[in-house]
Amino acid sequence: MIFILQPQNQPKTYLLQSCTLKKKQEFLAAMMKSSNSPLYLLSCLLMLLLLPVPSLSADPDSLQDFCVADLNASISINGFPCIPASKVNASDFFFDLSKEGVTNTSNLNSSVTPANVLAFPAVNTLGISMNRVDFGPGGLNPPHSHPRATEMGLVVEGSILVGFVTTSNVYYSKVLTAGEVFVIPTGLVHFQKNVGNGKGIVFTSFNSQMPGVVISSTTLFGSQPPMPNEVLTQAFQVDDAVVNSIKSKFGS
């Protein structure tokens, strides 16, 4: 349904009225004959406003059945080009997340095994990926964010404290056990910590082939080149000695 403007001598309540199909056809035909008229321009604007707004997702919709990524391509695009379909085989479409990650190689006592486009090229252009996160006792997946994706996670084993902070600085959290799921909105800082006595396992999924990850502590205190101390001391209201001490733990 579209609306037309009636002559100015009509009452204001009748300035906008619905057109019948015949009136719409006559209206559009008249406007096409007078493309320079203000009424024509207004009708174009109205038509644009009434067009359906396309839905937005983290990654654009695929235009083909699949596009197994050529990770060694010399060209650079937003994503990856496809390897020729003749070189695709069945094994390209399967990935193993059954292996337990090694959790005792850092103080975090956790391990993330990604199944994004870099590890699983078949998800290229499909707008989806997964992670397996393993936790030792007390293990932490530290505060971080995913700038390009919403995250949904399933706790498979253990008691996992999941928390995130909104842009209004509100903190939400809950301890989840096997079979429970959580969701983290795009871009929000969040974490998972194993608060049980045994190991923990979480599988997470993302609506992006490459969700990206920004680990808060590493980003602030381990960037190369280092973020200036004067920025960090002012932001955290501490002195240089504290900042230098933290930076030393991240090799900065």
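At 1.4 Å probe size, what's the solvent-accessible area of ASP61? Round to the nearest 10 Å².
Approximately 130 Å² for this residue.
Towards the positive end of the charge dipole of the range 126-252, with charges on Cβ (+1 Lys, Arg; -1 Asp, Glu), say which of GLY212, VAL165, VAL238 has the farthest Cα.
The listed residue farthest towards the positive side: GLY212.
How large is the accessible surface of MET152 in square angstrom, using a 1.4 angstrom probe and rounding to the nearest 10?
Number for this one is 100 Å².
Using 7 Å Cα-to-Cβ label points, what is the LYS87/ALA178 separation (nm, one decimal)?
In this crude label model, LYS87 to ALA178 measures out at 4.3 nm.
Rounded to the nearest 10 Å², what accessible area does LEU126 have for a 1.4 Å probe in the complete protein model?
Taking all protein chains as shown, LEU126 has close to 80 Å².
Expressed as a whole number of Å, what is the distance separating the alpha-carbon centroids of the range 126-167 and the range 207-252?
Each part's Cα centre sits 21 Å from the other's.
According to a simple spin-label model (label point 7 Å from Cα along Cα-to-Cβ), what is the distance in nm between LEU71 and SER216?
Inter-label distance under the simple model: 3.1 nm.
Can you give the charge dipole size of the range 65-197 about its Cα centre, rounded to the nearest 20 debye, using +1 on the beta carbon of Lys and Arg and -1 on the beta carbon of Asp and Glu?
260 debye
Label-point separation (nm) for VAL242 and VAL165, each offset 7 Å from Cα along Cα-to-Cβ?
1.4 nm
Would you mind checking the pairs LYS174/LYS247; LYS99/LYS247; LYS99/LYS193 and listing those with alpha carbons more than 29 angstrom apart?
Going by Cα-Cα distance, LYS174/LYS247; LYS99/LYS247 fall outside the 29 Å limit.
The values are calculated or read from the model by the stated rules, or taken from the named source; none is laboratory data. As the structure is a computational prediction, the values presented were derived from the model and not from experiment. Every residue, glycine among them, receives a Cβ derived from its backbone with ideal geometry; neighbour counts consider all protein chains shown. Only protein heavy atoms, including side chains, enter the accessible area calculation; ligands, DNA and RNA are left aside. Shrake-Rupley method; radii C 1.70, N 1.55, O 1.52, S 1.80 Å.
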